[in-house]
Amino acid sequence: MGQYEASLSDIRKTLILEPRHFGALSGQGLIYLVQNKWSLAKRAFKKVLEIHPTMRGPRANLLLIERQGIEEEI
């Protein structure tokens with residue numbers, strides 16, 4: 001619904017309670033992608049894959065970032 005900052009706030013609260021919540025981490029990565037915050041998105045997707053290495057979405061998004069050669073947000 002476009003309320004990214006409110007969603008990120010909720011995600012932060014969730015991760016305080018459960019740092020390995022792969023759904024929250026994946027959502028965080030997606031929000032960072034939409035915001036063009038490439039390095040933060042990359043970090044979130046890597047964390048997801050450390051916890052749940054078979055998740056296809058985060059793996060595909062991480063590959064997308066890496067294939068594009070995107071390193072830092074502008």
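FYI, it's all coordinate maths here, none of it is from the lab. If you're wondering where the values come from, they're calculated on a predicted model, not measured in any experiment. All Cβ positions, even for glycine, are placed from backbone atoms using ideal geometry, and neighbour counts span all protein chains on display.
Descriptive notes on the structure:
- Cβ charges +1 (Lys, Arg) and -1 (Asp, Glu), total dipole of the chain, debye: 240 debye
- Range of Cα positions in the range 4-68 per principal axis (Å), largest first: 32, 25, 14
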